[in-house]
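Structure record follows, encoded as structure tokens.
The values are calculated or read from the model by the stated rules, or taken from the named source; none is laboratory data. Keep in mind that what you see is a predicted model, and the values were worked out from it rather than measured. Please note: Cβ atoms are built from the backbone with ideal geometry, for glycine as well, and neighbour counts cover all protein chains shown. SASA here: full protein model, heavy atoms, side chains in, ligands and nucleic acids out. Shrake-Rupley method; radii C 1.70, N 1.55, O 1.52, S 1.80 Å.
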Amino acid sequence: MLTHSTRRWLAGLGVAGALVAASATPAFAAPAALAAPVENLDLYANNVIVAPGGTEKWLTLFSLTTERQPDDYTIKVDRSKVYGFADVESSGDNCTESGAILTCKVEDQDDDGSYLNLVSLVVRAKADAKPDQKGELSFTVTPDGKSGSASYSSTVEIGEGVDLTTNESLELKGAPGATLKAPFQVTNRGEVPAKDAVLYVVGADGLQPSKRYENCEYTEGPLHDFAFVCRFDTTIGENSSFRLDDSFGFTVPADSWAPNAFGGFSTWFTPADWDEYRSVAELPAKLGPNGTEGELKLEPVMNLRSRQTDVNPLDNSTWVDLQVTGDQRADVAARGATVTGDVGATVALTVGYVNNGPAAVNAGGGESPWIGTTVTLPKGVTAVRASENCFDSEDDGWEPGKPGARVYRCFVDGSIKKGEKVDYEFQVRIDQAGDQAGEVTLRTGHEETEIKDLNPANDTAQILVNGGGDGGQGGGDDGGSLPVTGQSTGLIVGLGALLLAAGLGGYLVAKRRRTRFVA
């Protein structure tokens, strides 16, 4: 499990920092049309909005092609349309300057298929810049020694500077089923009234909103984490503070593992900064459906215009710590299998586990277990097809569903409630006659920390294969397709930090898969 300070750093990088350093992260939008097609070079650069006296932001040009890109490149950056109101400078020493043109050299990068960072630029508003000034920053990329070039442009905009701030942390405590008030607050420390505000909240599974409001959008699906965004038609004057009305709160799931600890964060945006962040973080235009339980309002705590941008977005976020009290755990039981078939036959093999409750598992938090499953196949069989939720334990690349391994590590993504089963489905070829044994073993805990369930004795089950029988569950060599169903969990890049914070490990952030749940 990661430390509190590490979790705070991840949360800050994922939200507040996205408007500064992480604005260099590419969203996977369709690339602009190429001026003259260049093979294996699709470009993307983010837009930025800055204000006089405000924080500098990063603008980065990427090639989105996932194939290896070994070429050297010459990049021309035309700043002429933004030169009068914004300073745009290279962040490295590989660029030379001649008037409004930056010329940058990118040498051979053995990126092995990753997105290629071509050039990163720092953007600041000039002191005399005026709100609503806007222009395009143009890029022309030419592979050295080759004909043709590729072009892209992004927008630099001047906004009216405001300064929203909020409390650094919010501590909550309650038992399973409890509803806890969460008085998120925002203050305008600037000299300009902030017209309208946007609140973005990301949380682990235990931080479920108690009500769903008409002016808020909510992600859907039984995920480890969720997000919602609320828009407020409220002007926050100079040195004024507002907070959510007292109808807002979180309800701890009744089947939450206890004791436990969940984390999340909230961030306040101006509407323009929210548009920018949503694009950078690859969030959809609409997170999900709006609620139906009335309007969430901002209420004053103490005592229009151009598009606005926050001059210091690093103080807009609140880290939320929820401590779940009580004593409620679960028993997860391994499920083995017995199959028979003729030597040479390919047979279906389904193993996994069942949650006997009462608490849910795989629901996140610092004290509840993520269930990892080790499937050790008998020596006399060969996996010709493996579940896409399983990985060869000897494969550092963590390729999902890789055939031919003997020992697999298997994981699923999603809360497993009382009575639910998880299936890992294989097709195995019987290579030897006679009885052969393998096993299914559960690990109830994180990578570094073991968390015992209610009955560790049933965390192991046998796999028995009898070669030379009458076919049993066996089938032909084609085996058929795996019946993988369930929710799609490819949702929001901004939420990956919370998965890491929950202690699951980096591979699940990159390899989230659909899972078959059996009630």
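Of all residues in the stretch 177-211, which are in contact with a Gly (Cβ under 6 Å, 6 or more places away or on another chain) and not aliphatic (A, V, I, L, M)? Thr179, Lys181, Pro193, Gly203, Asp205, Gly206, Ser210 - these are the residues of the stretch 177-211 that are in contact with a Gly (Cβ under 6 Å, 6 or more places away or on another chain) and not aliphatic (A, V, I, L, M).
Of everything in the stretch 319-331 that is within 23 Å of Val202 (Cβ to Cβ) and buried (at least 21 other Cβ atoms within 10 Å of the Cβ), the residue that is modelled with the highest pLDDT is Val324. Among the candidates Pro31, Pro37, the residue that is in a loop (DSSP other than H, G, I, E, B), touching an Asp or Glu at 6+ places or on another chain (Cβ under 9 Å) and at pLDDT below 55 is uniquely Pro31. The set of residues in the stretch 332-362 being open to solvent by less than 10 Å² (accessible area, probe 1.4 Å) and either among the hydrophobic types (A, V, I, L, M, F, W, C) or touching a His at 6+ places or on another chain (Cβ under 6 Å) (or both) consists of Val332, Val339, Val347, Leu349, Val351, Ala359, Ala360, Val361. Once the stretch 406-415 is narrowed to residues that are touching a Phe, Trp or Tyr at 6+ places or on another chain (Cβ under 8 Å) and either open to solvent by less than 10 Å² (accessible area, probe 1.4 Å) or modelled with pLDDT under 90 (or both), the residue that is farthest from Pro253 (Cα to Cα) is Tyr408. For the stretch 136-183, filtering for residues that are over 30 Å from Asn117 (Cα atoms), modelled with pLDDT of 90 or more and of a type in the set (Asp, Glu) leaves 1. Does Asp396 satisfy the criteria of being open to solvent by 10 Å² or more (accessible area, probe 1.4 Å) and in a loop (DSSP other than H, G, I, E, B)? Yes, satisfied.
Scanning the stretch 103-131 for residues that are surrounded by fewer than 18 Cβ atoms within 10 Å (Cβ to Cβ), at pLDDT 90 or above and not in a strand (DSSP E or B) yields a count of 4. Of the residues making up the stretch 244-263, those that are open to solvent by 20 Å² or more (accessible area, probe 1.4 Å) and under 18 Å from Val202 (Cα atoms) are Thr251, Pro253, Ala261. Being modelled with pLDDT of 55 or more and part of a strand (DSSP E or B) is true of Leu59. In the stretch 229-239 there is no residue matching the filter, namely being open to solvent by 30 Å² or more (accessible area, probe 1.4 Å) and within 15 Å of the chain's Cα centre (by Cα). Here is the figure for the stretch 416-444: residues that are open to solvent by less than 20 Å² (accessible area, probe 1.4 Å) and more than 18 Å from Arg335 (Cα to Cα) total 1. Any residue at all in the stretch 83-94 that is at pLDDT below 85, assigned to a strand (DSSP E or B) and more than 15 Å from Asp144 (Cα to Cα)? Checking the stretch 83-94: not a single residue is at pLDDT below 85, assigned to a strand (DSSP E or B) and more than 15 Å from Asp144 (Cα to Cα).
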